[in-house]
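The values are calculated or read from the model by the stated rules, or taken from the named source; none is laboratory data. What you see is a predicted model; the values in this text were computed from it and never measured. Positions of Cβ are backbone-derived with ideal geometry, glycine not excepted, and every protein chain shown enters the neighbour counts. We work out accessible area using only protein heavy atoms, side chains counted, and drop any ligands, DNA or RNA first. Shrake-Rupley method; radii C 1.70, N 1.55, O 1.52, S 1.80 Å.
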Amino acid sequence: MLSLARNSGSSTICLHSLRRFHISVTRYEKATPKAKNSGAKKLKKADKPEPDEMKPTEYPSGIPFHRSRIEAFLEELDASEATGPSLEDLKSMKPSQPAGPGSPTYPEEYENALKRIQRAFKVTQTTEFMNKIAYEGKLPATHREMAQVLIDKSWDWPPPHELERRQRESVEKITEDIPVSTATLLLLMAEDPHSFSVLGTKFGLRLSLGQSQEPVILAYGLRNGISELRKYLQLKSQQTVSRSIDIRPGQSISPSLVQMAIRKAKTYAEILPPQTLELTAFTDDALQKAERLIRRLLYLEDHELAIPLIAQIPPPINNDDSPELAYYPFLPGKNIPHILEKRRLFRLKRVATWLDGYDERESSPFGHSFLDLKGTKLEIDDYVAILGGPPLEGHARSWTASFGHLLFDTSTPTITSPYPGSWSIKSILKQIQTTNWNAHFVPSQPSLLFTNVPTTITTAHRVVYRPAQPKDSRPVRQISSEAAESRIFILEVKMEYDTGLKELDDLDGHDTSAEKIAILPLHGSHRCRTGVEASVDALLPEKAMDMRLTVRDLRGIYESDEPESIKSYLEQLLQFLQYQVDEQPAAPEKIQYNGETYILESSSSVRRAYETIAQESNKWGTGDISSFEDVYIVAETALNLDSQEKTSHCFIETSDCDPKNWEAFLTHSAAIASIPFTPQGGDRGFQTPVFSE
């Protein structure tokens, strides 16, 4: 029953009683016969019409009855029963000057308002209000509970006990375990190694990693902060995207490769059986970057397996026909590739030669034979025929000797070699063959170049592509000395800058020329070259460095015949260098040329310098090596644009392989490989132990 009360001074008019009186009068007049209008007073025409609410109403008795304000209000009440109350009626019942939450009198004021609403509205009407405010929770069971919800949502008056709870939670600190997925946790750590301290400061919490079967974050602090952290972690978990990479049969995925993907591309990688790599990241860009990087590294590992390994037979000392070799821990002087960072590295060296008075710089260039993994004996000159063969028609041949270290890795936590002790060269090669212990060629530079001032510096960009491998092909380790040819597509360009130097008088002027950048071919008149390549890695246990010998038959590609993706990429690169766009373009991952698909192997920015190492100034040693003229080498510092990995390269080149030039090429190669390591800025006559770079 809807009932309203209005106070007027000290007297109270019960509208509900007036309404019953109105209904009784109406029923009485309906039962009374109609009277004649002889006694009714007529209105004069000149009289002004009365207001609408004061117009007389003709009842059945014929007695005019003026429509009072009370009668009009009662009629509005009748109409409201048909349409039902609205939210405005609920809001209008809020006191005009309430004490509000936080006041000492708030509990009493809240209780009075709650009772007033319960008297004013029926259960069905409060239920209708709950629907109008779009209440999403479970519908309260009692009339009082629904009234509490309506006051809270419409008036912003929470229950007093709720206020007490909020005040208690605002100062009370608790400890709570927040479950989080492994992918989300590692992605947060990959984005920022200090993510725990950053999130703790942001939400006012003290965070740590809980010890449980499933990863949990142990949070200590206020409830509001813990609630906000939980919402943040749920949002980050919903933002993750995943992608799978199918691995070819026989292709192994090293843990260091997975760690590199997490660190460099901010991506979580997980190996799933049988041959699947699952990638997870917060953005599609990070996912694409990780996939691009992992595919390139997997392809490089397959390419390394195809390069044959040979080892030089150490020359005898003091009539010792079988010198002993051992695996020494390798201590790099510069950063090594990221994929080898967490591994224990060893290099093959002659045992204690530096204690026996033996000087590795006095050894002849390559005057002794080599052995391959099968034990076949051969000379270095044989590789002119093995790697070379007849040149391809229309191609230019070049030989390159690159210097570095052939390193053997292990995941053991100790610095001890998996094969301690000393071994003969044949035993070493048999161990490598039977255990599939891969040798990683890590390019490096002689320590002499650390302080040399280069004569010419060129900024270049190199992109290397190799043919795509069939999905059903298996990587095979090359154990013979016969190097398999592989096709190659190379883009090599250099950047030339014209700064347009200003005169002193024109520093404030605007008519000076702007900086101009041109992209030109690095070799000859062709930006792209294609052909075949074959390589062999040579272990030099008696020298300071090892060597990779490579032969290439390449031909230039005219600009009109270049793949469209390469042309478009170079145009975008020029726009980036001229500051026309902000984002640096990425080299195409795949290209099509002559009906063949090529896969990106590396994309690097190269600082190329031409160095001269003078014999008389550096004094490599005595004997045949010092009698030769100065050695001209190419030194490069390359930055991989995908992994942001920086490497140092040193090599010499020749395109003439007649006996005289070939002998000089080998002699210069042996001379560079024999340069002992000296600390940067240190005495060149000081030689560190053989197990250091």
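Nonpolar atom fraction for the stretch 136-287, defined as the carbon and sulfur part of the 1.4 Å probe accessible area, stands at 50 percent. Solvent-accessible surface (1.4 Å probe) assigned to His161 amounts to roughly 120 Å².
Would you mind getting the accessible area per residue of the stretch 91-158, heavy atoms of the protein chains only, 1.4 Å probe, in Å²? Could the numbers behind the result be given before it?
Values: 4020 Å² over 68 residues.
Each residue of the stretch 91-158 exposes 59 Å² on average to a 1.4 Å probe.
Extension gain for Gln211-Asp156 works out to 15.6 nm (0.36 nm per residue, less the C-alpha to C-alpha distance). The stretch between Ser96 and Ala518 holds 144.3 nm of extra length on full extension. This uses 0.36 nm per residue minus the Cα-Cα distance. Between Asp284 and Leu163, the modelled labels are 5.1 nm apart [label points 7 Å from Cα along Cα→Cβ]. Maximal additional length on extending the Asp89-Glu270 stretch stands at 59.1 nm, based on 0.36 nm per residue less the C-alpha distance.
FRET efficiency for Ser244 and His303, Cβ-Cβ distance as r, R0 = 25 Å, nearest 0.05? Rounded to the nearest 0.05, the efficiency is 0.60. With the simple spin-label model, which puts each label point 7 Å out from Cα in the Cβ direction, the Glu176 to Glu136 separation comes to 1.8 nm.
Distance distribution P(r), the stretch 92-245, all Cα-Cα pairs, bin width 10 angstrom from 0: 9, 28, 20, 20, 17, 6, 1 percent.
Ranked by the mean number of other Cβ atoms within 10 Å of their residues, highest first, the peptides 418-431, 632-645, 533-546 come out as 533-546, 632-645, 418-431. With a cut-off of 17 Å on the backbone N, the residues of the stretch 635-677 near the modelled label site 7 Å out from Arg607 along Cα-Cβ are 635-641, 644-651. Applying the Karplus relation 6.51 cos²θ - 1.76 cosθ + 1.60 with θ = phi - 60° to the stretch 97-107 yields 3J(HN,Hα) values of 10, x, 6, x, x, x, 7, x, 8, 5, x Hz, where x marks Gly and Pro.
Looking at the stretch 205-315 from every direction and averaging, what is the projected area of its Cα convex hull in nm²? Each step should come with its number before you reach the end.
Numbers: hull surface 46.0 nm².
So the mean shadow area of the Cα hull is 11.5 nm².
Beyond 32 Å in Cα-Cα separation lie the following of the pairs Lys94/Lys173; Lys138/Lys236; Lys231/Lys289; Lys138/Lys173: Lys94/Lys173. For Glu111 and Ala72, the FRET efficiency from 1/(1 + (r/R0)^6), where r spans their Cβ atoms and R0 equals 30 Å, is about 0.30. Whole-Hz Karplus values for the stretch 655-670 come out as 10, 10, 10, 6, x, 5, 5, 5, 5, 5, 4, 5, 5, 5, 5, 5 Hz, taken residue by residue from phi with 6.51 cos²θ - 1.76 cosθ + 1.60 and θ = phi - 60°; glycine and proline positions read x.
Distance between the pseudo-spin-label points of Thr127 and Ser369 (7 Å out from Cα toward the beta carbon): 10.3 nm. Converting phi to 3J(HN,Hα) with the Karplus coefficients 6.51, -1.76 and 1.60 and the offset θ = phi - 60°, the stretch 306-311 yields 7, 8, x, 10, 10, 10 Hz in sequence order, with x at every glycine or proline.
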